[in-house]
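Remarks on the structure that follows.
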Amino acid sequence: MNNKVVLAYSGGLDTTYCAIYLAKIKNLEVHALTVNTGGFTEDEISQIEKRAKQLGIASFRCVDVTKEYYDTCIKYLVFGNVLKNATYPLSVSAERMVQAIAVAKYVQETGASYVAHGSTGAGNDQVRFDMVFQGMLPGVEILTPIRDQKLSREEEISFLKKHGVEMNAEKARYSINKGLWGTSVGGKETLTSGEYLPEEAWPTQVSESGVRSLELLFEKGELMHVDKKKFSHPVEAIQYLQAIAQPYGIGRDIHVGDTIIGIKGRVGFEAAAPLIIIKAHHLLEKHVLTKWQLYWKDQLSNWYGNWLHEGQMLDPTMRNIEKFLQDTQATVSGKVFVTLQPYRLTITGIESNHDLMNSKFGSYGEMNTGWSGDDVKGFAKIFGNQTAIYHKINEAIK
């Protein structure tokens, strides 16, 4: 055992309290780690680093795992068209898993005997961090000062003030968490069942008023071109599309779902690029995959999204499903046409060499070239034979 602790550090009130408490009260050597999953600007990172160093902790590091976030997680959410409760693209839940894994790797690198996070006892994140740390860091003690002490915001601020750290006592009206795969928004309205977030609560205000057409090109399920602009990595395509679409107010909604700890929860989010990508990808798949490919994708993807949401990213079953999802994308290549308007998006159609609506094999409701009317009569008779037998037998019994 040593006295090193790696702290998952965001620079906010909770993790600032943790840094001072662990250093001053627990006499531990605090190594703060900020994990950027595409939500921080360079200036924001500089401010976080500056504050961390002012606290007098042993060290500060920021790691950018945005591309890793896509490669190990977001990619499969796209392949699976994952929207929890048909609404939410798992913006925060997916992000927290990747952040926790990055923290665990840093603990392994430093050889620290402790790992800490600033989660409270009221939400999902505490479970997500704990699950990853338990799986990756056997023997490392998990410290959670905010959860264990059941601290109020006022108590945290008072403690920090006693140790010479000034924090803004005014609580922001809305809590914002920004990442590559969307931004969550929490406020007094999301604590109710009947109120919606006002316009000023959304981080991106609506500034576009016209109509814009977009052409998205997918290569084996991954977005690689937007309006003929080619990107070296899908992360760049996501960021580019987000910059275009977010000012239209697209992708705003409130998700209502079951938390890991068994209560219902509500959270607002804006996720223009994720919503457009998932909807566009799904339409392309409808054209290029078979009925049973689509069916089994739906079953496995729904389970995958729920299990990820509940902190189980390290479950080996997830790797099995990812291999299946990857395999289904072999023919998911082509263009998808999208129209943007304020607060509205329309996926207008696709163009693909793998389109199973190929007119060589007939047009639905109009003509066919692969079978005769007699073929269909025989098929329908055999296809419905078991149902016909069931009714004949049971009618006779009645």
**Report entry** Solvent-accessible area, 1.4 Å probe, carbon plus sulfur percent, for the stretch 150-295
**Finding:** 52
Report summary line: With Rg from the Cα atoms and Rh as the Kirkwood inverse mean 1/r over Cα pairs, the stretch 28-168 has an Rg/Rh of 0.98
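Using just the helices of the chain, give the 222 nm mean residue ellipticity in deg cm²/dmol: DSSP H runs with n ≥ 4 each add -39,500 (n - 2.57), and the total is spread over all residues, rounded to 500. Walk me through the numbers before you get to the answer.
On the way: 14 runs with 162 residues, N = 398.
That comes out to -12500 deg cm²/dmol.
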Report summary line: Rounded to the nearest 5, the percent of DSSP beta bridges in the chain running antiparallel is 70
Report task. Give the Rg (one decimal place) followed by the Dmax (whole number) of the stretch 256-338, computed from C-alpha coordinates and expressed in Å. Result -> 15.0, 42
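Considering only protein heavy atoms, with the full assembly of protein chains and a 1.4 angstrom probe, order E155, E270, E199, E395 by accessible area, largest first. Don't skip to the end; give the middle numbers.
Numbers: E155 95, E270 5, E199 70, E395 120 Å².
From most accessible down to least: E395, E155, E199, E270.
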Query raised in the report: Could you give P(r) for the stretch 201-266, binned at 5 Å from zero, as whole percent values over all Cα-Cα pairs?
Result: 3, 14, 19, 14, 14, 14, 11, 7, 2, 0
Report task. Determine which residues of the stretch 255-280 fall in the zone a paramagnetic label at T339 would reach in this model, i.e. backbone nitrogen under 19 Å from the point 7 Å along Cα→Cβ. Result -> 276-277, 279-280
Report summary line: For K229, counting only lysines whose alpha-carbon sits under 30 Å away and dropping same-chain residues fewer than eight positions off, the answer is K67, K75, K178, K220, K279, K286, K297, K323, K335
Requested in this report: Please list 18-30, 93-105 highest first by mean number of surrounding beta-carbon atoms within 10 Å per residue.
Outcome: 93-105, 18-30
Query raised in the report: Which value in Å does the Kirkwood hydrodynamic radius of the stretch 244-398 take, with 1/r averaged over all unlike C-alpha pairs and then inverted?
Result: 20.0
Query raised in the report: Sorted by accessible area with a 1.4 angstrom probe, largest first, how do I277, I142 fall?
Result: I142, I277
Query raised in the report: Which of N320, L83, I278 sits closest to the plus end of the dipole of the chain, meaning its Cα is farthest towards the positive end, when Lys and Arg get +1 and Asp and Glu get -1 on the C-beta?
Result: N320
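Evaluate the charge dipole of the stretch 270-334 about its Cα centre and quote only its size in Debye, nearest 20, assuming +1 on the Cβ of each Lys and Arg and -1 on the Cβ of each Asp and Glu. Intermediate results must be reported in sequence, preceding the final value.
Details: 6 positive and 7 negative charges, 51 e Å.
Using Cβ point charges on Lys, Arg, Asp and Glu, the stretch 270-334 gives about 240 debye.
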Query raised in the report: If the cut-off is a Cα-Cα distance under 20 Å, which aspartates and glutamates reach K4, setting aside same-chain residues fewer than 8 apart in sequence?
Result: D14, E29, E49, E109, D130, E141, D148
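For the stretch 1-159, what is the charge dipole size about the Cα centre, in debye to the nearest 20, if Lys and Arg each add +1 at the Cβ and Asp and Glu each add -1 at the Cβ? Don't skip to the answer; put the middle values down first.
Numbers: 16 positive and 18 negative charges, 33 e Å.
Once rounded to the nearest 20, the dipole reads 160 debye.
Would you mind calculating the gained length between D64 and I389 on full extension (0.36 nm times residue separation, minus the Cα-Cα distance), in nm to one decimal? Write down the numbers at each step before the final one.
Working: separation 325, 0.36 × 325 = 117.00 nm, distance 6.33 nm.
Fully extending the segment from D64 to I389 adds 110.7 nm.
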Query raised in the report: In square angstrom, rounded to the nearest 10, how much accessible surface does K264 have for a 1.4 Å probe?
Result: 140
Query raised in the report: Say each of V211 and E351 gets a label point 7 Å from the Cα, pointing the same way as Cα to Cβ; how far apart are those two points in nm?
Result: 1.9
Report task. Could you do me a favour and compute the accessible area per residue for the chain, 1.4 Å probe, result in Å²? Result -> 51
Report task. Using a Gaussian network model of the chain whose springs link C-alpha atoms within less than 10 Å, name the residue from G384, G135, G334 with the highest mean-square fluctuation. Result -> G384
Query - Descending principal axes extents, the stretch 142-187, alpha-carbon based, whole Å - result: 37, 29, 17
Query raised in the report: Between I261, I347, I321, which gets the highest mean-square fluctuation from a Gaussian network model of the chain, Cα cutoff 10 Å?
Result: I261
Query raised in the report: How large are Rg and Dmax for the stretch 1-92 when only the alpha carbon atoms are used, in Å?
Result: 16.5, 47
Requested in this report: For the chain, set up a Gaussian network in which alpha carbons nearer than 10 Å are linked by springs, and say which option among N358, N124, N85 fluctuates the most.
Outcome: N358
Query raised in the report: Given labels modelled 7 Å from the Cα in the Cβ direction, how far is it in nm from R173 to W371?
Result: 6.1
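Using only alpha-carbon positions, what ratio does the radius of gyration of the chain give when scaled by 2.2 N^0.38 Å? Show your work: numbers first, answer last.
Working: Rg = 25.3 Å, N = 398, 2.2 N^0.38 = 21.4 Å.
For the chain, the normalised Cα radius of gyration comes out at 1.18.
Put V115, V256 in order of accessible area, largest first, 1.4 Å probe: what do you get?
Values: V115 0, V256 75 Å².
Accessible-area ranking of V115, V256, largest first: V256, V115.
How much length, in nm to one decimal, is gained on full extension between K24 and N2, taken as 0.36 nm per residue of separation minus their Cα-Cα distance?
Working: separation 22, 0.36 × 22 = 7.92 nm, distance 1.63 nm.
Additional length available on full extension: 6.3 nm.
The values are calculated or read from the model by the stated rules, or taken from the named source; none is laboratory data. Treat the numbers as computed from the prediction; the structure is a model and nothing was measured. Neighbour counts run over all protein chains shown; Cβ positions are idealised from the backbone, glycine included. The area values use the complete protein model at the heavy-atom level, side chains included, leaving out ligands, DNA and RNA. Shrake-Rupley method; radii C 1.70, N 1.55, O 1.52, S 1.80 Å.
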